[in-house]
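As structure tokens, the structure follows; a few thoughts come after it.
The values are calculated or read from the model by the stated rules, or taken from the named source; none is laboratory data. Bear in mind that the values here come from a model prediction, so they are computed numbers and not experimental data. Cβ sites come from the backbone with ideal geometry, for glycine too, and all protein chains shown count toward neighbours. Keep in mind that these areas ignore ligands, DNA and RNA; they rest on the heavy atoms of the full protein, side chains included. Shrake-Rupley method; radii C 1.70, N 1.55, O 1.52, S 1.80 Å.
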Amino acid sequence: MEAGQRDYDLLVIGGGSGGLACAKEAAQLGRKVAVVDYVEPSPQGTRWGLGGTCVNVGCIPKKLMHQAALLGGLIQDAPHYGWEVAQPVPHDWRKMAEAVQNHVKSLNWGHRVQLQDRKVKYFNIKASFVDEHTVCGVAKGGKEILLSADHIIIATGGRPRYPTHIEGALEYGITSDDIFWLKESPGKTLVVGASYVALECAGFLTGIGLDTTVMIRSIPLRGFDQQMSSMVIEHMASHGTQFLRGCAPSRVRRLPDGHLQVTWEDCTTGKEDTGTFDTVLWAIAPRISACLPTTVGHAKNQRRYQ
């Protein structure tokens, strides 16, 4: 390959909020910059474009779906203010999801245009280190690309974690990587976890009228102020979200009718119980960093970035 295709002042691995901001700022200061970004599909096959978690499977689609839930609440209140709105008002997940996903795709394109305008080269490849100044990736069609730079920044972010010790978790569960890209409504949903991601997802699912249960093993919003945490849980419960406190799932099975049977244990009594759901959403902490393999490791000890 020609030197101009592989020699940069700065190479940024990761096209999320941090990586893009860094790359654009460096280019604005006159540096020759490239961005390498690749989305490993989720276990359910979901993948997305440039922009990272926030744009694709985080802040942006989450806020849009919360807005949908808030509008539903306003419609319910409207008759009290003289608006003649026939109740109940059904919600169309497919229509909402299509609008959200189209907006996200427009942002993906916008980020690509911004990089192009700043003369930042974009490579849609998964990078592996060859040495401290060189990475290797495979482009579409199987062509291998070598890129070198004086400085390389790792800005790969993180991905949700699956509880692989639980039978059926990987085969039948989804995460926040998938919920925003579902074409059909998730239906009756069990959200496992008490992180802010878990409660946010449960909140908008309840808000658009879905039967939603949150399973909490220990305490909600660990690391946050617990007085505020209690207020959040009370507010959600008053608006229809159901909670299973002190419970931990042990098995997920698909029934002949397509529903998911979840078995869990009461952590206090040790007794088992089961429930049937359409969707199981894993939202447990902490997130794991996106995998960035390397052949040279940190120093020369063959360490792999995880």
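A few remarks follow.
- Just one of (1) outside any helix (DSSP H, G or I); (2) more than 15 Å from Ile154 (Cβ to Cβ) fails for Gly15. It is (2).
- For segment 206-230, taking the residues that are without any contact (Cβ under 8 Å) to a residue 40 or more places away in the chain and part of a helix (DSSP H, G or I), the one that is least open to solvent (accessible area, probe 1.4 Å) is identified as Ser229.
- When segment 161-173 is filtered for residues that are open to solvent by 20 Å² or more (accessible area, probe 1.4 Å) and touching a residue at least 24 places away in the same chain (Cβ under 8 Å), the ones remaining, listed by number, are Arg161, Tyr162, Glu167, Leu170, Glu171, Tyr172.
- If you go through segment 14-33 and pick out every residue that is closer than 27 Å to Ile174 by Cβ and open to solvent by less than 60 Å² (accessible area, probe 1.4 Å), you end up with 6.
- Filter pass, Gln67 being closer than 22 Å to Ser176 by Cβ and out of contact with any helix residue (DSSP H, G or I) (no Cβ under 8 Å at 6 or more places or on another chain): yes
- The residues on offer are Lys24, Lys62, Lys32, and the sole one that is of a type in the set (Lys, Arg), closer than 20 Å to Gln101 by Cβ and not assigned by the TED database to the domain that holds Gly173 is Lys62.
- Within segment 262-306, considering residues that are touching a Phe, Trp or Tyr at 6+ places or on another chain (Cβ under 9 Å), part of a loop (DSSP other than H, G, I, E, B) and open to solvent by 80 Å² or more (accessible area, probe 1.4 Å), the one modelled with the highest pLDDT: Thr295
- Index of the failed condition, Glu184 passing every other in (1) in a loop (DSSP other than H, G, I, E, B); (2) open to solvent by 20 Å² or more (accessible area, probe 1.4 Å); (3) free of Cβ contacts under 8 Å to residues at least 60 places away in the same chain: (3)
- Residues being within 24 Å of the chain's Cα centre (by Cα) and surrounded by fewer than 12 Cβ atoms within 10 Å (Cβ to Cβ) - total across segment 231-261: 0
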